[in-house]
Amino acid sequence: MSNKLRAVITGVGGYVPDYVLTNKELETIVDTNDEWITSRTGIKERRILKGKDQGTSVLANHAVDQLLEKTGVNPEEIDLIICATTTPDMIFPATANLVGEHIGAKNAFGYDLQAACSGFLYALTTASQFICSGTYKKVIVVGADKMSSIIDYQDRTTCIIFGDGAAAVMLEPTEEPLGLVDSILRSDGSGAPFLHLKAGGSRRPATIESVTAREHFVYQEGATVFKYAVKHMSDVAAQIMQRNDLTANDIQWLVPHQANKRIIDATASRMGIGEDRTMFNIHRYGNTTSATIPLCLWDYESQLKKGDNLILAAFGGGFTWGASYLKWGYDGQ
Ligand code: COA
């Protein structure tokens, strides 16, 4: 009898656009300053995708191109592409379909998954089910967001936070004790009033008035979101440790969603994990929503070892939140 199948990450690709929006430049756009942004969020700069008609698929395509190059997988072998995004190129078709077309994934199907900043965790967990059931053998999960397309650069409370980026992982089956072991995912729609986009959906389609009222941008009540983020992200991270009999010493890396350095620090401290084992790149990219967690894996890939225990944790609009426990599949180069 064969062992239980697990879904393991066999490669990571990433991409951030070239344009660097620094705190200094933001000082010239809104009433803010580098000291405030750094001390309140930990962010120093973020990347912005410039140019006409450049959507999230541009970011995702670059990340997936690199993933295929690194893993050597033929696009025709891909079974499924799940794109976690809150800023799809268009309401339809799905951005995953555009990525599939770009890489020539002729035998795959694909769809988008929208769970704001928890999108990558939701997508990873969903993709893993298709692998563990034995249905598919090669699944790409890409987290990609062009947050600059829904940010109001007149609103100093949100424009300092977000950036653009994408990163993708390949998931494949293994019978070794590696890969995704457990996930706890949650959502609570009562959080919607505190973090949402007012117009542009079916409830309030775009009108001249909605554009004039600047309703096509992220609306956030920062302090409330902060409070829930700290509580839920650290609770769920502690819960997944407990449920899997893990102590802080068993965990090599915490991979937290990068929303605010203070939220990351609170989660790490609750878990008893030091800064040296907490992935951190918010100072360079800001909050890239669905892309933060895979961009961390991309940045830290060279330091990862086969069998390392990783805890991934996220919180975002919805509210949505969750944590995953995974055993890393290969030694970083
Ligand atoms: N520059 C300077 N001052 C700013 C500012 C900026 N960019 N943004 C807000 N301020 C001011 C406010 O106007 C307020 O001034 P007041 O006291 O005179 O009214 C003061 O700073 C404090 O504002 P507050 O919103 O309470 O700050 P905060 O410490 O909560 O930090 C966030 C704001 C947005 C950084 C923080 O709330 C946060 O990170 N929230 C969660 C964000 C998040 O995770 N979102 C995505 C979900 S994944």
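The values are calculated or read from the model by the stated rules, or taken from the named source; none is laboratory data. Predicted, not measured: the structure shown is a model, and the values here were computed from it. Note that we place each Cβ from the backbone using ideal geometry, even for glycine, and neighbour counts take in every protein chain shown. All accessible areas refer to the heavy atoms of the entire protein, side chains included, with ligands and DNA or RNA removed. Shrake-Rupley method; radii C 1.70, N 1.55, O 1.52, S 1.80 Å.
Protein heavy-atom accessible surface, 1.4 Å probe, per residue over the stretch 6-178: 41 Å². About its Cα centre, the dipole of the chain is roughly 500 debye, where the only charges are +1 on Lys and Arg Cβ and -1 on Asp and Glu Cβ. Based on DSSP, what percent of beta bridges with both residues in the stretch 64-208 are antiparallel, to the nearest 5? Counting DSSP beta bridges with both partners in the stretch 64-208, the antiparallel share is about 45 percent.
Here the spin labels are modelled as points 7 Å beyond Cα on the Cα-Cβ line, and at Ala248 and Gln129 they lie 3.5 nm apart. With the highest mean first, a sort of the peptides 157-170, 59-72 on other beta-carbon atoms found within 10 angstrom per residue produces 157-170, 59-72. Coupling constants for the stretch 177-182 follow from the phi torsions by the Karplus curve (6.51 cos²θ - 1.76 cosθ + 1.60, θ = phi - 60°), and in residue order they are x, 9, x, 6, 9, 7 Hz; glycine and proline get x.
When peptides 223-233, 118-128 are ranked by their average number of other Cβ atoms within 10 Å per residue, the highest-first order is 118-128, 223-233. Accessible surface area normalised per residue over the stretch 181-327 is 42 Å², counting heavy atoms of protein chains with a 1.4 Å rolling probe.
The value for the stretch 183-333 of Rg(Cα) / (2.2 N^0.38 Å) is 1.17.
Would you check the stretch 6-178 for Lys pairs whose C-alpha atoms are within less than 25 Å, ignoring same-chain pairs closer than 8 in sequence, and give me the count? Lysine pairs meeting the criterion: 13.
The number of Lys pairs in the stretch 181-327 with C-alpha atoms less than 28 Å apart, excluding pairs fewer than 8 positions apart on the same chain, is 11. For the stretch 184-333, carbon and sulfur atoms together expose 51% of the accessible surface, with a 1.4 angstrom probe and every protein chain in place.
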